[in-house]
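A.B. asks: One structure follows; several queries about it will come next.
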Amino acid sequence: TKDWCDHWKHCVWFTQGRGAPVMKDQTLSLRASHNLTSISYQLLNPNDEACNGNLKADHLTLLPERIALYGDICWRSALITAIKSALSDRSPQTCIVADDSIFLALLVSSLSPSSKVIAMFPGLRDKGATYLQAVAKANNFSMDQIQVIGKRAASLSTDDLEHKKINLLVGEPFYCGSEGMLPWQNLRFWNARTLFHSMLSEDALIMPCKGVLKLCAMSLPDLWKSRRSLKDVEGFDHSVVNETLGACGDLPGEQQGPCLPYYVWQCGYTKKLSKVYSLMDFNFSEPIHSCFGKTKIEFADAGMCHGFAVWIDWVLDEKNSIVISTGPDSRYWKQGVQLLSKPVEVNPAESAALVEASFDPASGDITFNSSFS
């Protein structure tokens, strides 16, 4: 990690189907074409015929991390167990999939054939509907019980529900196009639940039941260095980018360092300096509201603290027995990284930190304050 930096990103292109068989010393041709917004590829055989053809209309473009998540048996098993548990005591008539979860729409419809499943798909929209139809055709099951709305929660009306109440409200949560944002942007699920409040039945079940904001102190020398504030570069004043892009180090006054979305495992050298702490709970059984939390961080290892990794653990069931963590131990999700204005040297015997956080439901933002002793 000596020369690590986050400036260089790579493109990964997946061949369709099971890939193309190749032999040693065989020559392959790759054809690239582009439109105004994207580049597409074709793998050609020696006869210049496309091995995999054009993208089908039912093709979904998802990030590699999302594709890997759908292939994770532990993640799938957790959702299957949670949905089965939710359906064990009831047979919901109307289920809303509040986000862009293809998996949950298929899962609920297969486990509860008598239910009407309404998929909001606010990001996927028609593409999500087309993909569901392709999956249904390939697996010989009917799409009659699944209805794709393709709009945001605020646009849902009682007419869409045929004037029935919502018995089951679910989400991963996953919103297509928001994968690169801070993890608490997925709290829009809580906002959707609030917008649906008058349409929920008295015993409606909501999954996930709550979110728990977690954090731990981190040593992140490579990331901190890459985000260090700029001044004069080759005679040009670049200080304007410090606030625009988020910078740390040599900031004016008491200005806090930025909180940025990163895959912590991609941040060069990293080291946890504390155990994981819970900072704030978001209870989805209640309408969305402001939240505040604080915790004292005790350091487990000595080192240079550059900031805190922050994420949300999603509690799927009311017994708190099924939890999906989006923390740095997983490679599927980005965490929020709250960088310090200046690194602080810490040790277990003498150092501690107090971290406070507040959630604003109007903006969906969480602000942090930290102090060391």
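A.B. asks: Under the 0.36 nm per residue contour assumption, what length would be gained going from the current alpha-carbon distance of Cys74 and Asn35 to full extension?
C.D. replies: Length gained, Cys74 through Asn35: 10.2 nm.
A.B. asks: Taking the highest mean first, how do the peptides 232-243, 127-138 order by number of other beta carbon atoms within 10 angstrom per residue?
C.D. replies: Ranking, from highest mean packing down: 127-138, 232-243.
A.B. asks: Hey, another quick one. Using a Gaussian network for the chain with springs between C-alpha atoms less than 10 Å apart, which of these wobbles most: Ser226, Ser38, Ser85?
C.D. replies: Ser38
A.B. asks: Quote the FRET efficiency, to the nearest 0.05, computed for His197 versus Ser373 with a Förster distance R0 of 41 Å and r equal to the Cβ-Cβ distance.
C.D. replies: Details: r = 43 Å, r/R0 = 1.04.
Once rounded, the FRET efficiency stands at 0.45.
A.B. asks: Determine the equivalent ellipsoid of the stretch 133-277 by diagonalising the alpha-carbon gyration tensor, then write out the semi-axes as square roots of 5 times the eigenvalues, largest first, rounded to whole Å.
C.D. replies: Numbers: eigenvalues 379, 67, 64 Å².
Semi-axis lengths for the stretch 133-277 are 44, 18, 18 Å.
A.B. asks: Using a Gaussian network model on the chain with a 10 Å cutoff between Cα atoms, which of Gln145, Gln185, Gln338 fluctuates the most?
C.D. replies: Answer for the Gaussian network model of the chain: Gln145.
A.B. asks: Going by Cα centres, the stretch 76-149 and the stretch 303-321 are how many Å apart?
C.D. replies: Spelled out, the Cα-based centre of one part sits 28 Å from the other.
A.B. asks: Additional query: Which loop-located trypsin sites (Lys or Arg not before Pro) does the stretch 290-373 contain, where loop means any DSSP state but H, G, I, E or B and the Cβ has at most 16 other Cβ atoms within 10 Å?
C.D. replies: Numbers: sites: Lys294, Lys296, Lys319, Arg331, Lys334; in loops: Lys319, Arg331, Lys334.
Listed in order of number, the matching sites are Lys319, Arg331.
A.B. asks: Determine the principal axes of the Cα atoms in the chain, then give the extent along each, sorted from largest to smallest and rounded to whole angstroms.
C.D. replies: Projected onto the principal axes, the Cα atoms of the chain cover 64, 62, 35 Å.
A.B. asks: With springs only between Cα atoms under 10 Å apart, run a GNM on the chain and tell me which of Ser91, Ser33, Ser321 wobbles the most.
C.D. replies: Ser33
A.B. asks: Mind giving me the nanometre distance, one decimal, between the label points for Tyr269 and His289, set 7 Å out from Cα along Cα→Cβ?
C.D. replies: The answer from the label model is 4.6 nm.
Where a number appears in this text, it was derived from the coordinates with a stated rule and is not lab data. Worth saying up front: this structure is predicted, and the values here are computed from it rather than measured. No Cβ is skipped: glycine too gets one built from the backbone with ideal geometry, and neighbour counts run over all protein chains shown.
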